[in-house]
Amino acid sequence: MKVYKFGGASVRNADGVRNLRKIIDDEQNLFIIVSAMGKTTNALEKVFEGVQKGDKDLSLENVAALREYHAGIINDLWHGPKKLEKVDKPADAELWYDTIVAFGELVSTTIISEYLNYAGVANRWIDMRRCFLTEQRHKDAGVDLEASEPLLKNALAECVENIFIGQGFIGG
């Protein structure tokens, strides 16, 4: 299996996502790791800063800007207004640093997975929080590779697809 990694700058807009689609054209047995789009992680750190300071308005402003940013990419990819329910799901997560900054990867991989399916590239979105077990050190956790290996293998084995989309920054 090949592994391709796309950083945030390479998928910062709809053209970058379409370019990703071109790069993977005709590939099989592929695991695509994607970072948050553009400067999303930096913006999410500002959301966390607002939470820490008790400045709800600051956090909400940054969340609204991020939603608008991602909605613009989605609408461009689908050539018009489009709502992706799966993109809204992470909004209910508990608010602490590791969770907040992980939203970027969850949203970017969801958008890309949905777009690739829409563009005819069957794939399976993999939640790396369920596949990579980490230590309980927030902001600096290492991955327990021995414990994670069977989780990742099981997640991939259950799939009929042979192209997978996962996050590059998070574990559970």
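The values are calculated or read from the model by the stated rules, or taken from the named source; none is laboratory data. Here the structure is a predicted model, which is why all the values come from computation and not from measurement. Ideal geometry is used to build each Cβ from the backbone, glycine not excepted, and the neighbour counts take in all protein chains shown. SASA here: full protein model, heavy atoms, side chains in, ligands and nucleic acids out. Shrake-Rupley method; radii C 1.70, N 1.55, O 1.52, S 1.80 Å.
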- [ ] Evaluate region 76-94: report whether one residue or more is of a type in the set (A, V, I, L, M, F, W, C), open to solvent by less than 70 Å² (accessible area, probe 1.4 Å), out of contact with any helix residue (DSSP H, G or I) (no Cβ under 8 Å at 6 or more places or on another chain) and modelled with pLDDT of 95 or more.
- [x] no
- [ ] Please list, ordered by first then second residue, the pairs with beta carbon atoms under 7 Å, 6 or more apart or interchain, first in region 151-166 and closer than 14 Å to Ile32 by Cβ and of a type in the set (Asp, Glu), second in a loop (DSSP other than H, G, I, E, B) and open to solvent by 40 Å² or more (accessible area, probe 1.4 Å).
- [x] Glu161/Ala122
TODO: Would you tally the residues in region 144-160 being touching a strand residue (DSSP E or B) at 6+ places or on another chain (Cβ under 8 Å) and buried (at least 16 other Cβ atoms within 10 Å of the Cβ)?
DONE: 1
Open item on the list: Just to be sure I understand, how many residues within region 109-145 are in a helix (DSSP H, G or I), modelled with pLDDT under 95 and not aliphatic (A, V, I, L, M)?
Closed with: 2
TODO: Could you tell me which numbered condition Gly50 fails, if it satisfies all but one of (1) in contact (Cβ under 8 Å) with a residue 24 or more places away in the chain; (2) open to solvent by less than 30 Å² (accessible area, probe 1.4 Å)?
DONE: (1)
Task: Single residue of region 146-163 satisfying the filter (of a type in the set (A, V, I, L, M) and outside any helix (DSSP H, G or I)) that is modelled with the highest pLDDT - done: Ile163
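Taking region 98-143 only, how many residues are touching an Asp or Glu at 6+ places or on another chain (Cβ under 6 Å) and surrounded by fewer than 17 Cβ atoms within 10 Å (Cβ to Cβ)? Quick ask: steps written out before the conclusion?
Residues of region 98-143 that are touching an Asp or Glu at 6+ places or on another chain (Cβ under 6 Å), as a first pass: 122-124, 133, 138, 141-142.
When the remaining residues are screened for being surrounded by fewer than 17 Cβ atoms within 10 Å (Cβ to Cβ), the result is 122, 138, 141-142.
Summing the residues that are touching an Asp or Glu at 6+ places or on another chain (Cβ under 6 Å) and surrounded by fewer than 17 Cβ atoms within 10 Å (Cβ to Cβ) in region 98-143 gives 4.
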Open item on the list: If I filter region 24-46 down to residues being more than 16 Å from the chain's Cα centre (by Cα) and open to solvent by 80 Å² or more (accessible area, probe 1.4 Å), which single residue comes out as nearest to Ser108 (Cα to Cα)?
Closed with: Lys46
Open item on the list: If the requirement is being farther than 28 Å from Glu161 by Cβ and in contact with a helix residue (DSSP H, G or I) (Cβ under 8 Å, 6 or more places away or on another chain), which of these qualifies: Phe48, Phe6, Phe103?
Closed with: Phe48
